[in-house]
Amino acid sequence: MTPEVNEVLLRSLTPSVLGILVRRGADFAAAEDAVQDALVEAVRVWPADPPRDPKGWLVTVAWRRFLDATRADAARRRREDLVDEEPAPGPALAVDDTLQLYFLCAHPSLTPSSAVALTLRAVGGLTTRQIAQAYLVPEATMAQRISRAKRTVSSVRFDQPGDVATVLRVLYLVFNEGYSGDVDLAAEAIRLTRQLAAAIDHPEVAGLLALMLLHHARRAARTAPDGSLVPLAEQDRGRWDTESITEGVEILQAALTRDRLGEFQVQAAIAALHADAPTAEETDWVQIVEWYDELVRLTGSPVVRLNRAVAVGEADGPRAGLAALAALDNSLPRHAAVAAYLHERDGDLATAARLYAEAAQKAPNLAERDHLTRQAARLNARRCR
């Protein structure tokens, strides 16, 4: 068994092993520490001596680590009834607590950043170091964040009903981080969403998975060789991952037949229309506007209205897009960038160049800032000819 296979298998087993320890009486924080210890031991032992029952092996080792820690900690003597005897060896319990772990790690008492970190560690099986590297923070800082999160949910009943929508928002936050460190967070978010979809039959879970697959399919075409951003309209569609697109569309179509429309299904429908267009010019913008109308109805989000203004500008002309934009607060993120694009489409290059430069100053990351700066420079060069 190769180390790569070990890692995939280990991380897929993490939530069910953790759930078994909690059901045996371990508190969540102590159980999570014990499971992490077992994962480290598995990485060391399995390549030379792979177990017949990987899940049972992890449960046994994690439980022993939990017992050792409990015996060594005088403050936990109230748990001595748990350590009097170890459960008899045998196959791991068939109960799958994956869904309960998702709910616990996305508990409303946690901040979004804490929920993301705890989900990646407890459900995703990532180490604290991997999570810290992915989010570009010191390992000690991430360790404190995870420790605080575990303390926060320590009093929450493990079998307490959870909110699927909150879990989906946490997974979408992970997906949007993309790639940094040695962990591909977008791919990890897709894996975790697949795992969630296997644990619960919910059209919005399917909608999020479809959305992730459709966005991820364009990943290779999003950046030029020099690292600069490539707008959707200019991307080489031959570099899009057609298998991911096909899978995403099939998952979305099955979800839409359930007639329980939600925001992730609508976002996926918009992404599918982009994916379906052979060229940017053949994009069905009229239908995209209709889906944005549905998304506005569902969310009321001003950011959705901002994106709708772009779609209106493509479907009905830039002046119609600018009219839709005029109804929105100009302090919205990327408002200046959208205004610049629509003014350029309308032929007002001076205003567009000024707005691109303004948008560059407000850009949330270096790649976007560089892209907007280049747009401003391109228009200024055209005006000087």
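Quick notes on this structure:
- Check on SER154, part of a loop (DSSP other than H, G, I, E, B) and more than 17 Å from the chain's Cα centre (by Cα): yes
- Scanning the stretch 302-321 for residues that are more than 27 Å from ALA352 (Cα to Cα) and in contact with a Gly (Cβ under 9 Å, 6 or more places away or on another chain) turns up nothing.
- Residue in the stretch 338-361 that is of a type in the set (Asp, Glu) and either closer than 25 Å to LEU211 by Cα or modelled with pLDDT under 95 (or both) present: no
- Members of the stretch 126-155 that are crowded, with 23+ Cβ neighbours inside 10 Å and within 18 Å of ALA186 (Cα to Cα): LEU126, ILE131, ALA134
The values are calculated or read from the model by the stated rules, or taken from the named source; none is laboratory data. Just so it is clear, the structure is predicted and the values come from calculations on it, not from any experiment. Cβ coordinates were reconstructed from backbone atoms using ideal geometry, including for glycine residues, and neighbour counts include every protein chain displayed.
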